[in-house]
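A.B. asks: Once you've had a glance at the structure underneath, I'll fire off some questions.
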Ligand SMILES: [Mn+2]
């Protein structure tokens, strides 16, 4: 298993469970602490200096673990199921660009579908689900050459009203190749019977994992049993990234340090 943490290039991002700050400082610390990769949360993929990013990753020996996309929803109100067709089209363009970037920066690329799937609001769930499948089909078709893996993340009901549980997400993951499950220990604690059982249920469909405590602080600062979580993941056959997506308290430095120390304790040495 490898360890990453979520970092954003955005200043004053309206989402707080991540690390923000000067890229070279953050990457340097992550590299010193022994992180394998970094997940980058990008509000606007058309507004990124890819060369600079690629250089920073290589300078500090970090791999791009995935690109997260929730800020395209929070900042630009774009989503794959937006009631407004123009916004939907724009969201698809963003996702195509995320996919291109991700293929450029890693050898195929993983792009997260979290909040940017959009919400139901007043619309019936079936209708939103139908639009979502249509958008997914288009996106997969247009990104076939990149081979991007899309990571669909169940998110708790206080943040979005569409695809909250692992069960709900499984419907899409089963139907589409190149769509895998992103399990988030914080969301699973709120929505599923237990995060441990949800991991069992998700089994071979798990493509990526976000880790944070029940209170969304770094692993080691809350109530979850990390030995049990890592053990369940390994039994499911998952050997990919654990990406720390936590509120940077008391500081991002401390959050990263405690997070990686806690996880390392339970990850078998031979990786
Ligand atoms: Mn997450």
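The values are calculated or read from the model by the stated rules, or taken from the named source; none is laboratory data. The shown structure was predicted, so the numbers you read here are calculated from the model rather than taken from an experiment. Note that we place each Cβ from the backbone using ideal geometry, even for glycine, and neighbour counts take in every protein chain shown.
A.B. asks: What's the number of the condition residue 122 fails, among (1) touching a helix residue (DSSP H, G or I) at 6+ places or on another chain (Cβ under 9 Å); (2) at pLDDT 95 or above?
C.D. replies: (1)
A.B. asks: Hey, does the range 118-139 have a residue that's under 17 Å from residue 79 (Cα atoms), in contact with a strand residue (DSSP E or B) (Cβ under 6 Å, 6 or more places away or on another chain), more than 16 Å from the ligand (Cβ to nearest atom) and in contact (Cβ under 8 Å) with a residue 40 or more places away in the chain? Walk me through how you get there before you give the answer.
C.D. replies: Going residue by residue through the range 118-139, those that are under 17 Å from residue 79 (Cα atoms) are 118-139.
Subsequent filtering for residues that are in contact with a strand residue (DSSP E or B) (Cβ under 6 Å, 6 or more places away or on another chain) retains none.
Scanning the range 118-139, I find no residue that is under 17 Å from residue 79 (Cα atoms), in contact with a strand residue (DSSP E or B) (Cβ under 6 Å, 6 or more places away or on another chain), more than 16 Å from the ligand (Cβ to nearest atom) and in contact (Cβ under 8 Å) with a residue 40 or more places away in the chain, so the answer is no.
A.B. asks: Testing residue 24 on (1) more than 16 Å from the ligand (Cβ to nearest atom); (2) within 19 Å of the chain's Cα centre (by Cα), one condition comes back false. Which one is that?
C.D. replies: Among (1) more than 16 Å from the ligand (Cβ to nearest atom); (2) within 19 Å of the chain's Cα centre (by Cα), the lone unmet condition for residue 24 is (2).
A.B. asks: I need the full set of residues from the range 143-165 which are more than 11 Å from the ligand (Cβ to nearest atom) and buried (at least 18 other Cβ atoms within 10 Å of the Cβ), in order please.
C.D. replies: Looking only at the range 143-165, we keep the residues that are more than 11 Å from the ligand (Cβ to nearest atom), and these are 143-150, 152, 157-158, 160-165.
If the condition is that a residue be more than 11 Å from the ligand (Cβ to nearest atom) and buried (at least 18 other Cβ atoms within 10 Å of the Cβ), then 143, 146, 148, 149, 150, 152, 160, 162, 163, 164, 165 are the ones that fit.
A.B. asks: Right, here's the next one. Could we say that residue 213 is touching a residue at least 60 places away in the same chain (Cβ under 8 Å), out of contact with any strand residue (DSSP E or B) (no Cβ under 8 Å at 6 or more places or on another chain), surrounded by 15 or more Cβ atoms within 10 Å (Cβ to Cβ) and closer than 26 Å to residue 31 by Cβ here?
C.D. replies: Numbers: touching a residue at least 60 places away in the same chain (Cβ under 8 Å): no; out of contact with any strand residue (DSSP E or B) (no Cβ under 8 Å at 6 or more places or on another chain): yes; surrounded by 15 or more Cβ atoms within 10 Å (Cβ to Cβ): yes; closer than 26 Å to residue 31 by Cβ: yes.
Answer is no for this residue.
A.B. asks: Take residue 38 and decide whether it is buried (at least 21 other Cβ atoms within 10 Å of the Cβ), in a helix (DSSP H, G or I) and without any contact (Cβ under 8 Å) to a residue 60 or more places away in the chain.
C.D. replies: no
A.B. asks: Return yes when residue 78 is closer than 30 Å to residue 157 by Cα, modelled with pLDDT of 95 or more, touching a helix residue (DSSP H, G or I) at 6+ places or on another chain (Cβ under 7 Å) and assigned to a loop (DSSP other than H, G, I, E, B) and no when it is not. Break it down into steps so the answer makes sense when it comes.
C.D. replies: Working: closer than 30 Å to residue 157 by Cα: yes; modelled with pLDDT of 95 or more: yes; touching a helix residue (DSSP H, G or I) at 6+ places or on another chain (Cβ under 7 Å): yes; assigned to a loop (DSSP other than H, G, I, E, B): yes.
For residue 78, the condition - closer than 30 Å to residue 157 by Cα, modelled with pLDDT of 95 or more, touching a helix residue (DSSP H, G or I) at 6+ places or on another chain (Cβ under 7 Å) and assigned to a loop (DSSP other than H, G, I, E, B) - is met.
A.B. asks: Just to verify a result, which residue in the range 59-78, among those that are within 16 Å of the ligand (Cβ to nearest atom) and closer than 17 Å to residue 138 by Cβ, is surrounded by the fewest Cβ atoms within 10 Å (Cβ to Cβ)?
C.D. replies: 72
A.B. asks: Across the range 41-60, what is the number of residues that are part of a loop (DSSP other than H, G, I, E, B) and out of contact with any helix residue (DSSP H, G or I) (no Cβ under 9 Å at 6 or more places or on another chain)?
C.D. replies: Going residue by residue through the range 41-60, those that are part of a loop (DSSP other than H, G, I, E, B) are 42-44, 48-49, 60.
Going one step further and asking which of them are out of contact with any helix residue (DSSP H, G or I) (no Cβ under 9 Å at 6 or more places or on another chain), we end up with 49.
Total satisfying the criteria: 1.
A.B. asks: Report, by residue number, each residue of the range 166-188 that is within 12 Å of the ligand (Cβ to nearest atom) and either farther than 24 Å from residue 126 by Cβ or surrounded by fewer than 19 Cβ atoms within 10 Å (Cβ to Cβ) (or both).
C.D. replies: Once the filter is applied, which keeps residues that are within 12 Å of the ligand (Cβ to nearest atom) and either farther than 24 Å from residue 126 by Cβ or surrounded by fewer than 19 Cβ atoms within 10 Å (Cβ to Cβ) (or both), the range 166-188 yields 183, 184, 185, 186, 188.
A.B. asks: For the range 159-182, which residues satisfy the criterion of being without any contact (Cβ under 8 Å) to a residue 40 or more places away in the chain and touching a strand residue (DSSP E or B) at 6+ places or on another chain (Cβ under 8 Å)?
C.D. replies: Selection gives 166, 169, 170, 173, 178, 180, 181.
A.B. asks: Kindly establish whether residue 9 is surrounded by fewer than 19 Cβ atoms within 10 Å (Cβ to Cβ), away from the ligand (no atom under 16 Å from the Cβ) and modelled with pLDDT under 95. Spell out the reasoning first.
C.D. replies: Numbers: surrounded by fewer than 19 Cβ atoms within 10 Å (Cβ to Cβ): yes; away from the ligand (no atom under 16 Å from the Cβ): yes; modelled with pLDDT under 95: yes.
It is true that residue 9 is surrounded by fewer than 19 Cβ atoms within 10 Å (Cβ to Cβ), away from the ligand (no atom under 16 Å from the Cβ) and modelled with pLDDT under 95.
A.B. asks: If you take the residues of the range 81-106 that are in contact with a strand residue (DSSP E or B) (Cβ under 6 Å, 6 or more places away or on another chain) and part of a helix (DSSP H, G or I), which of them is nearest to residue 57 (Cα to Cα)?
C.D. replies: First pass over the range 81-106, keeping only residues in contact with a strand residue (DSSP E or B) (Cβ under 6 Å, 6 or more places away or on another chain): 98-99, 102, 105-106.
In the following step, the residues that additionally are part of a helix (DSSP H, G or I) were identified as 98-99, 102, 105.
On the way: 98: 17, 99: 18, 102: 13, 105: 9 Å.
Per the stated criteria, the residue is 105.
A.B. asks: Given the criteria without any contact (Cβ under 8 Å) to a residue 40 or more places away in the chain and farther than 25 Å from residue 14 by Cα, does residue 104 qualify?
C.D. replies: Numbers: without any contact (Cβ under 8 Å) to a residue 40 or more places away in the chain: no; farther than 25 Å from residue 14 by Cα: yes.
So residue 104 fails the test.
A.B. asks: Additional query: Could you check how many residues of the range 204-218 are closer than 25 Å to residue 150 by Cβ and touching a helix residue (DSSP H, G or I) at 6+ places or on another chain (Cβ under 9 Å)?
C.D. replies: Result for the range 204-218: 8.
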